[in-house]
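Working notes for the structure below.
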Amino acid sequence: MNYLAYTFSNPQNEALKDMFTEMLGNIGFDSFMDIDEGFTAYCAETAFDKNALDGILAMEQLADVQIFKQEIIPDQDWNATWESSYEPVVIDGICRIRAPFHEADSSYKYDLCIEPKMSFGTAHHETTAQIIKLMLAEDFQGKDVLDMGSGTGILAILAKKLGSAKTVAVDNDEWAYRNALDNVKLNAENDIVVELGDANSLNNRQFDVIIANINRNILLRDMREYVKCLKNAGKIFFSGFYESDLQMIKFEAERLGLSYLNNIKENEWTAAIFVKK
């Protein structure tokens, strides 16, 4: 399957960029990569809707956004480029995230095999790496876990390897859903439940830990549903937003009955833990 790569200039501020990327996600763009002059968005050629893209770019708030480049990436070329440049990620010296073409290494306590297939979640981005760092310091033994916006399924897989009980991974993108199913098998964690859905499909199921590595706007929009599904004294991990957005996340979380515990940050990105009172 061919992919289209569109390179855009950044909107005027981060709030507009968040809005822009979310709207691109809603019309089929499923992966984003920041570059010095803006960012590149990727969309499966079969899912591309030019009229929808033109409609977004016609919005007054995005009038300054320019398209620097557009290109077609053949499937085989994409895979070859990815394999030649993809390096394993090691976090805290004990957790390694590798691709299927890397050899397993038993010297790491947790050696995860992840094939992204254009889904988000390889630990190369700060947001995923931060959540993993927080998870490694947490007790998951026997706890029911929800990985919301699961992407590759990497966080659900790690939770299971850390000893979680019932573990559910949910994503609203069918490509990510199928990718997570494949990665669950690659890691021999076949009792993880992978679902195609969103916050409206949770139906108040109860979890001890919820992980939501998505983006600021979706976290704020869906946080109420997450809190409904969190057991008393349960913890929720939020990531996918900038440090400058933390106060906004805190305000909404505390309004809904969560208490802030701590956060970590790297390159302007942050991840935070809250507990349900």
Problem set entry | All positions within the range 17-50 that are out of contact with any Phe, Trp or Tyr (no Cβ under 9 Å at 6 or more places or on another chain) and either open to solvent by less than 30 Å² (accessible area, probe 1.4 Å) or on the phi > 0 side of the Ramachandran plot (or both) | none
Exercise. So which residues in the range 21-63 are farther than 23 Å from TRP175 by Cβ and either in a loop (DSSP other than H, G, I, E, B) or within 18 Å of the chain's Cα centre (by Cα) (or both), if there are any at all?
Worked result: ASP36, GLU37, ALA58, MET59, ALA63
Exercise. Just to be sure, is GLY153 out of contact with any strand residue (DSSP E or B) (no Cβ under 7 Å at 6 or more places or on another chain), open to solvent by less than 60 Å² (accessible area, probe 1.4 Å), under 24 Å from LYS109 (Cβ atoms) and not acidic (Asp, Glu)?
Worked result: no
Exercise. In the range 67-104, which residues are at pLDDT below 80 and surrounded by 11 or more Cβ atoms within 10 Å (Cβ to Cβ)?
Worked result: PRO74, ASP75, ASP77, TRP78, ASN79, ALA80, THR81, TRP82, GLU83, TYR86
For this session: Please indicate, with yes or no, whether at least one residue in the range 249-265 is touching a residue at least 60 places away in the same chain (Cβ under 8 Å), out of contact with any Asp or Glu (no Cβ under 8 Å at 6 or more places or on another chain) and crowded, with 16+ Cβ neighbours inside 10 Å.
Result: yes
Seminar exercise, completed: Across (1) touching a residue at least 40 places away in the same chain (Cβ under 8 Å); (2) closer than 21 Å to ILE97 by Cβ; (3) open to solvent by 10 Å² or more (accessible area, probe 1.4 Å), TYR177 clears everything bar (1)
Exercise. Yes or no: ASP222 open to solvent by 40 Å² or more (accessible area, probe 1.4 Å) and closer than 20 Å to LEU155 by Cβ?
Worked result: no
Exercise. Can you find a residue in the range 105-124 that is more than 12 Å from ILE154 (Cβ to Cβ), modelled with pLDDT under 95, open to solvent by less than 50 Å² (accessible area, probe 1.4 Å) and in contact with a Pro (Cβ under 8 Å, 6 or more places away or on another chain)?
Worked result: no
Problem set entry | Restricting the range 180-202 to residues that are open to solvent by 30 Å² or more (accessible area, probe 1.4 Å) and touching a residue at least 40 places away in the same chain (Cβ under 8 Å), the residue that is farthest from the chain's Cα centre (by Cα) | LEU186
Exercise. Does the range 4-16 contain at least one residue that is touching a residue at least 60 places away in the same chain (Cβ under 8 Å), touching a helix residue (DSSP H, G or I) at 6+ places or on another chain (Cβ under 8 Å) and farther than 27 Å from ASP198 by Cα?
Worked result: yes
For this session: Determine, yes or no, whether ALA5 is part of a helix (DSSP H, G or I) and either open to solvent by 70 Å² or more (accessible area, probe 1.4 Å) or touching an Asp or Glu at 6+ places or on another chain (Cβ under 9 Å) (or both).
Result: no
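The values are calculated or read from the model by the stated rules, or taken from the named source; none is laboratory data. Here the structure is a predicted model, which is why all the values come from computation and not from measurement. Don't worry about glycine lacking a Cβ; one is built from the backbone with ideal geometry, like all the others, and counts go over all protein chains shown. Heavy atoms of the whole protein, side chains included, go into the accessibility calculation; ligands, DNA and RNA do not. Shrake-Rupley method; radii C 1.70, N 1.55, O 1.52, S 1.80 Å.
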